[in-house]
Every structure is written in structure tokens, then in C-alpha cells.
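Here is the structure we will look at.
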Amino acid sequence: MHIGALAIYPLKSGRQVPLGHMLLDRFGPAGDRRWMLVDARGRFVTQRTHPRLCLISATIADGGLLLQAPGQPDVQVMPVAQPDQLQVAIWEDEVAALAISPVADAWCSVFLDMPVRLVWMPESTHRTVSPSYAGAGHSTGFSDGFPFLLVTQSSLDHLNARLPSPVDWRRFRPNIVIAGDVSPHAEDGWKRLQVGEIELAVVKPCSRCVIPSIDPDTADKNSQILTALRAYRVGPDGKTYFGQNVVVTRRSDRACLSLGDPVRILA
């Protein structure tokens, strides 16, 4: 087995950024989901209610964030000396965030046709991963709850065999895609993995919402993907599962994952 693809999502629910090398920090993949859109109440906004979010490209560049979207002028978001400090809500968590660009707020509001603000999670914010799944000491950014999502290419191939037209891994928004000689959904039984000097713990299956049905290139919905999954991937709780949530349990200060790295199952 080896790493077949790597990606981060600088803006929560925005377009993926494929990587050849992924640096790690205390939030998880460096630069992953540190930016998010919130509504007038300060609550997170995602593709679940606004599929067009998948068309926004957010690229970390020149010390800030470059925003691009169809029909919109590019916007460069840069840090400011006195940002607005906010408390924002993501699921059941309330965390400190910074709003730093009224221009970006207006740009995103026009594109989504609703009032939103663009917020950033600073280094001083600590959002804790559920210790009941991951144990103590793990943090994440604006992810749904865990710093990494892992899928295998064989599981995706198994799903595609049930679909009239194949889809790629971007539908499922993983950070790590594992390729090679592995059985479909073997990841359900993994507990610990090693990639070079990095050790990963597989802590919770990922239940899927409507997002895999959204085409990341057009924002159009196709219900066949979730229908096919529900035919064979429904758990005893009635939820549909694909992929696994992961945390890092051992790494060096400059830990890095790279395409092609061998992946070893420890448990």
C-alpha cells in the first residue's frame, strides 16, 4: 500500500488543493480548513446547504489567501493589524476566530447570494477532537470533527462498479487516499498505520451526508452516489459510511507525508 493522493481544503467546503507533499502541524494537515464562512448568527456554512461553495478556490499564497470563483474577480485576503474577533459555531463547538476582510465578506456574499463572513482560526485557538474517540491531546481546525479523513482507492473502485458513471475521490473530500493492494473497505478494520516516521490512529468511521452527491466541478447533485452507497454501507445506526477519521499519534516537528510513501498496518 502507498499514498495515492493528498489534499487540503484551506476553506471549509471549498475546492480541494491536491498536494505532492503534506506538512503536518497541531491542527492536522498544515493549512487545512483554517478558513470558514459563517452566517449572520456566526454559524458555519457548508455545501450541505450551499453547494456552490465547492466552486470557490481558496489558495494559500503570499502570506494570505487567494479567492477565485466562476464569474468573480480574484480577491487576495491579507492579514490586518486589528481584525474583528468573533465566537463562531461549528456543530456543537464554539471557538474563537478572526474576521479580517470586509472585501472578502462581500465577495463571498455575492457568490452565495446570502450574507456571510470569512473567518480564520488563529494559532491561539484550540478546538479539541472528541477524546471519547481519539483520546486526549488532539486538535483540529474547522473540520467536521477530526483532523484527517482517509479513504482507499479500492473502496472507491468498489463503489464505482455500482454506478453508471464513475466518480473520483474528490466527492468524499479526503486528505489521504491510500492505493495499492488492499481489499475494498479494509480500512474498517485498521487501528494504527505507519508512514515513515509518522504514526496514525484510525479512530472513527466517517458517516456521509449529501456532499458526495455534489459534483465538485459543477455543484450539480446526483443522488445515485448515495443511493448506491446505502445499498451496502449502512451501519446499525442507520447512517451511511465511507472512509475513516484519523489522528496523528507520533510525528517529528517537520513531519511530512508524500505521494508514493509506503503505508504499513501496525494494528
**Report entry** Radius of gyration and maximum dimension Dmax of the chain, Cα, Å
**Finding:** 18.1, 53
Report task. With a 10 Å radius around each residue's Cβ, average the other Cβ atoms per peptide and rank 216-224, 63-71, highest first. Result -> 63-71, 216-224
Query - Helical mean residue ellipticity (222 nm; -39500 (n - 2.57) per DSSP H run of 4+; nearest 500) of the chain - result: -3000 deg cm²/dmol
Query raised in the report: Relative to the longest principal Cα axis of the chain, at what angle does helix 102-112 sit, 0 to 90 degrees, rounded to 10?
Result: 60
Query raised in the report: Which shape class applies to the stretch 33-126: rounded if a/c is under 1.5, otherwise prolate when a/b exceeds b/c and oblate if not, where a ≥ b ≥ c are the square roots of the Cα gyration tensor eigenvalues?
Result: oblate
Report summary line: With +1 at each Lys and Arg Cβ and -1 at each Asp and Glu Cβ, the charge dipole magnitude of the chain around its Cα centre, to the nearest 20 debye, comes out at 560
Query raised in the report: About the Cα centre of the stretch 33-126, what is the dipole size in debye to 20, counting +1 per Lys and Arg Cβ and -1 per Asp and Glu Cβ, all else neutral?
Result: 220
Requested in this report: Would you mind telling me the antiparallel percentage of the DSSP bridges in the chain, rounded to 5?
Outcome: 90
Report summary line: Put in order of increasing Cβ neighbours within 10 Å, starting from the fewest, GLU199, GLU187 give GLU199, GLU187
Report summary line: Among HIS138, GLY243, GLN68, the residue whose Cα sits farthest towards the positive end of the charge dipole of the chain, when +1 is placed on the Cβ of each Lys and Arg and -1 on the Cβ of each Asp and Glu, is GLY243
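Coordinate-derived values only; no laboratory data. Please read all numbers here as calculations on a predicted model, not as lab measurements. Ideal geometry is used to build each Cβ from the backbone, glycine not excepted, and the neighbour counts take in all protein chains shown.
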